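A.B. asks: Handing you a structure now.
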Amino acid sequence: EFTMLEWYRVGQGYEVLMEDTLAFLRLPGAPLRYRDAVCDPSLPPERISVAEAFRTHAGIDLLATLNGPTPDRDALAAQAVAAGVKVANDDVWSDIFSRVLSEKVEPHLGLGRVTILDRYPAAEAALARTCKGDPREAERFEVYACGVELANGFGELTNPVEQRRRFEAEMN
């Protein structure tokens, strides 16, 4: 079965959305289980950036592939292959990113306690504000339990000029 809930927090930072999400996960009051994995949502969550997760679980320097006007497909492809991830000739940066995330990173998330995967590459967060201090990253997060993504949230981009620029870049 699948249930979806969508809500907004006007005037609040995306950290508030993270806390809201954690509160929902704590409602059943029991550990979450999936296959052989167990996750206790009552424990303090692990919070890790996407770049840190790629470095830890795949040995990939993700931010190095984001130095420039567009993500560097070839730099990510070389690191992904070195990490044992298959890359097709027609894969774009986003395809490779998704494959590394699903094969190398996600299986390690939310084991024992909830994981908040935070600060997604801006290229993977078209509707999210960029992070203060590093425009390569965006205020987007996902919440994991037992290696499974349960929630996705972000600090909403409300600048129409920036939104148009991102949409046009994506269409190109």
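A.B. asks: Please specify each residue of segment 72-88 satisfying the condition of being β-branched (Val, Ile, Thr) and surrounded by 18 or more Cβ atoms within 10 Å (Cβ to Cβ). Let's see the steps before the verdict.
C.D. replies: Applying the first criterion (β-branched (Val, Ile, Thr)) to segment 72-88 yields 81, 85, 87.
Residues satisfying the conditions are Val85, Val87.
A.B. asks: Among what's in segment 145-172 and is closer than 26 Å to Glu52 by Cβ and free of Cβ contacts under 8 Å to residues at least 40 places away in the same chain, pick the residue that is farthest from the chain's Cα centre (by Cα). If you could, list the steps in order and put the result at the bottom.
C.D. replies: Step one: list which residues in segment 145-172 are closer than 26 Å to Glu52 by Cβ, which gives 145-157, 162, 166, 169-170.
Checking which are free of Cβ contacts under 8 Å to residues at least 40 places away in the same chain leaves us with 152, 157, 162.
Details: Asn152: 8, Leu157: 16, Glu162: 21 Å.
Ranking the candidates gives Glu162 first.
A.B. asks: Which residues, counting only those in segment 11-50, are buried (at least 19 other Cβ atoms within 10 Å of the Cβ) and in contact with a Lys or Arg (Cβ under 7 Å, 6 or more places away or on another chain)?
C.D. replies: Leu17, Cys39, Pro41, Pro45, Ser49, Val50
A.B. asks: Could you count how many residues in segment 106-127 are within 24 Å of Arg166 (Cβ to Cβ) and surrounded by fewer than 21 Cβ atoms within 10 Å (Cβ to Cβ)?
C.D. replies: 4
A.B. asks: Something else now. Pairs under 6 Å by beta carbon, first residue free of Cβ contacts under 8 Å to residues at least 60 places away in the same chain and within 20 Å of Gly147 (Cβ to Cβ) in segment 51-71, partner in a helix (DSSP H, G or I) and open to solvent by 10 Å² or more (accessible area, probe 1.4 Å), six or more apart or different chains?
C.D. replies: Pairs found: His57/Lys104; His57/His108; Ala58/Lys104; Ile60/Gln79.
A.B. asks: Could I ask something else about it? Under 7 Å by Cβ, and 6 or more places apart or on different chains, what pairs join a residue from segment 6-34 that is more than 18 Å from Glu149 (Cβ to Cβ) with one that is assigned to a helix (DSSP H, G or I)?
C.D. replies: Arg9/Val16; Arg9/Leu17
A.B. asks: Which number in (1) touching a helix residue (DSSP H, G or I) at 6+ places or on another chain (Cβ under 8 Å); (2) modelled with pLDDT under 95 marks the one condition that Ala88 misses?
C.D. replies: All conditions pass for Ala88, except number (2).
The values are calculated or read from the model by the stated rules, or taken from the named source; none is laboratory data. This structure is a prediction, so every number in the text was calculated from the model and none was measured. No Cβ is skipped: glycine too gets one built from the backbone with ideal geometry, and neighbour counts run over all protein chains shown. Note: accessible area is taken over every heavy atom of the protein model, side chains too, but ligands, DNA and RNA are not part of it. Shrake-Rupley method; radii C 1.70, N 1.55, O 1.52, S 1.80 Å.
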